[in-house]
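The values are calculated or read from the model by the stated rules, or taken from the named source; none is laboratory data. Note that the structure is a prediction, hence the values are computed from the model and not measured. As a convention, Cβ positions derive from the backbone with ideal geometry for all residues, glycine included, and neighbour counts pool all protein chains shown.
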Amino acid sequence: MFRKNFKLLTIITLLLLATFGYQLYPAAAEPKVKNVIFLIPDGMSLDGTTLTRWYKGGPLALDEMDLCLVRTYSSDAAIADSAPAATAFATGFKSHTGYVGVLPDEANMPGLQPIAKGDGKKPVATVLEGARLSGKATGLVATCEIMHATPAAFSAHYPDRKNYDALSEQQVYSGVDLVLGGGYKFLGPDARKDREDLVKVIKDLGYDYVTTPEAMKKSGSAKLWGMFAPADLSYDMDRDSTNQPSLEEMTAKAIEVLSKDKDGFFLMVEGSKIDWASHANDPVGIISDLLAFDRAVKVALDFAKQDKNTVVIAVSDHGNGGISFGDNSTSKSYDKEPLAAFTGPLKKAVLTGEGLENKLNEDRSNIEEVMAAYFGITDLTGSEIAAIKEAKKGSLNYTVGPIISKRAHIGWTTNGHTGEEVVLYEYPTNNDRPTGVIENTDVARYVERVLGLNLKETSQKLFVSAKEAFESKG
Ligand SMILES: [Zn+2]
């Protein structure tokens, strides 16, 4: 009886391992492709894409890709924060709000495997780290500060996205070959608690450290670190092209540098501020940076088509703002409104809400002139003028975004993230690609598989228990 049960138990265990164990930790497979370019339009909701396409008046580069849907919830919340959402893409594990590249303390959403006791906050390897250990070149490109949640989740591990000191220090020593984006003030001794000068460390580690688009383009170094703003870069529409490169230019440079590695490369590219514009309910900011993101997608697709050994994926980490094409004012007229009723008011704007703020004078006495010249609005109401006058410094886009949205019949439901599925755009169009409705963690598993990585082994190589390590040394 005991023997029979024992045998049964063994079979069940083997079956469990075969099903769950294999899915969670697939063995390193034969690599199917050499390179992966993983582009993230942070906080992009589908109606923002629809709006941007109508605004452009022609197809987006994204439109030619295959697609499926991705569920975005985190380990213990139905609506994700960028840190656990990017951690899911990078590591294959859902995590907790604010957690970067580490396991959550609890995974209690329906269908999730519980987190083993003692495993909370444990670091888990990212696809970027796996790619690096397999000999590939790696890179991070973003339009916000590089230690922000999304790029950090591919290159650092810490249970608090706000701890830029810890995250940037890990990034600097991570061995990543290329970093392009913003955030130099967080690398300097003035902003850091430890008073370290990480820019000096970056240079000592052999990176070509550049701060202008021209120097970036000229660099011939295989290790390149470009910082073009103290924190985030400007929205593309507001950008001074002599000081800051476009996302398209950074992506092209990244591919140029990384593709020289004969072992291939992994590159993450984030259109960071689509999310910020969505928080502010500013449709102009979304259009500005989604078009800029789409031009970066085109660069990646052009490379992949020529290279024939590259997977390109583009996927948002969560929805944001509840943007809708059509709002309460079109409840009865939605099928009679011409296209220009939506795009016309937006086409008059030449700056985003953030860019507008720099045009206002100190006492904000030129509101009407500025709104007419740069936002194309000449019919401001008294209460709108008062709201702009009182808008908090640094967040004017939260006031003028809704003002232009109203005129363009663009609806919003929240200033926060939303919980709907997002679209995963995929290239190449072979049979080995995700279809249907998948989890955000499946995206990491897909990258792991096509590049022939083994993230479980990578975790074991990269991380040891500090307590055990110190005890073993006495
Ligand atoms: Zn996000």
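Look through Leu247, Leu233, Leu224 and report the one residue that is farther than 25 Å from Glu357 by Cα and among the hydrophobic types (A, V, I, L, M, F, W, C).
Leu224
Filter the stretch 156-182 for residues that are in a loop (DSSP other than H, G, I, E, B) and either at pLDDT below 95 or out of contact with any Gly (no Cβ under 9 Å at 6 or more places or on another chain) (or both) and give the result.
Residues satisfying the conditions are Asn163, Tyr173, Ser174, Gly175.
Return the pair list, or none, for Cβ contacts closer than 8 Å from residues in the stretch 302-319 that are part of a strand (DSSP E or B) and at pLDDT 95 or above to residues that are away from the ligand (no atom under 16 Å from the Cβ) and acidic (Asp, Glu), at least 6 apart or on different chains.
Qualifying pairs under 8 Å: Val311/Glu426; Val312/Glu426; Ile313/Glu426.
Got a number for residues in the stretch 48-75 being crowded, with 20+ Cβ neighbours inside 10 Å, more than 15 Å from Arg295 (Cβ to Cβ) and in contact with a Phe, Trp or Tyr (Cβ under 6 Å, 6 or more places away or on another chain)?
1
Residues checked against (1) closer than 23 Å to Ala86 by Cβ; (2) assigned by TED's automatic domain parsing to the domain that holds Lys348; (3) under 16 Å from the mean Cα position of the chain (by Cα):
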{"residue": "Lys223", "(1), (2), (3)": "no, no, no"}
{"residue": "Met227", "(1), (2), (3)": "yes, no, no"}
{"residue": "Leu233", "(1), (2), (3)": "yes, no, yes"}
{"residue": "Met237", "(1), (2), (3)": "no, no, no"}
{"residue": "Thr242", "(1), (2), (3)": "no, no, no"}
{"residue": "Pro245", "(1), (2), (3)": "yes, no, no"}
{"residue": "Glu248", "(1), (2), (3)": "yes, no, yes"}
{"residue": "Met268", "(1), (2), (3)": "yes, no, yes"}
{"residue": "Asp275", "(1), (2), (3)": "yes, no, yes"}
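Is the stretch 411-428 home to any residue that is assigned to a helix (DSSP H, G or I) and assigned by TED's automatic domain parsing to the domain that holds Asp63?
Checked the stretch 411-428: no residue is assigned to a helix (DSSP H, G or I) and assigned by TED's automatic domain parsing to the domain that holds Asp63.
Can you find a residue in the stretch 217-227 that is away from the ligand (no atom under 16 Å from the Cβ) and assigned to a helix (DSSP H, G or I)?
The answer is yes, given that some residue of the stretch 217-227 is away from the ligand (no atom under 16 Å from the Cβ) and assigned to a helix (DSSP H, G or I).
Which residues, counting only those in the stretch 269-303, are of a type in the set (Val, Ile, Thr) and within 16 Å of Thr52 (Cα to Cα)?
Scanning the stretch 269-303 gives Ile274, Val284, Ile286, Ile287, Val297.
Test Asp236 against the stated conditions and say whether it is buried (at least 19 other Cβ atoms within 10 Å of the Cβ) and within 16 Å of the ligand (Cβ to nearest atom).
Judged against the criteria, Asp236 is not a match.
Restricting attention to the stretch 53-80, and to residues there that are out of contact with any helix residue (DSSP H, G or I) (no Cβ under 9 Å at 6 or more places or on another chain) and within 16 Å of the ligand (Cβ to nearest atom), which single residue is farthest from Gly43 (Cα to Cα)?
Ala78
Any residue at all in the stretch 323-332 that is surrounded by 19 or more Cβ atoms within 10 Å (Cβ to Cβ), under 20 Å from the mean Cα position of the chain (by Cα) and more than 16 Å from the ligand (Cβ to nearest atom)?
No, the stretch 323-332 has no match at all.
Which condition does Asp261 not pass, out of (1) buried (at least 24 other Cβ atoms within 10 Å of the Cβ); (2) outside any helix (DSSP H, G or I), if it passes all the others?
Condition (1) is where Asp261 drops out.
Of the residues Ser405, Ser365, which is under 27 Å from the mean Cα position of the chain (by Cα) and assigned by TED's automatic domain parsing to the domain that holds Tyr334?
Ser405
Any idea which of (1) within 16 Å of the ligand (Cβ to nearest atom); (2) closer than 22 Å to Glu256 by Cβ is the one Ala152 doesn't satisfy?
(2)
From (1) assigned to a loop (DSSP other than H, G, I, E, B); (2) more than 16 Å from the ligand (Cβ to nearest atom); (3) surrounded by 22 or more Cβ atoms within 10 Å (Cβ to Cβ), pick out the condition that doesn't hold for Lys94.
Going through (1) assigned to a loop (DSSP other than H, G, I, E, B); (2) more than 16 Å from the ligand (Cβ to nearest atom); (3) surrounded by 22 or more Cβ atoms within 10 Å (Cβ to Cβ) one by one, Lys94 breaks only (2).
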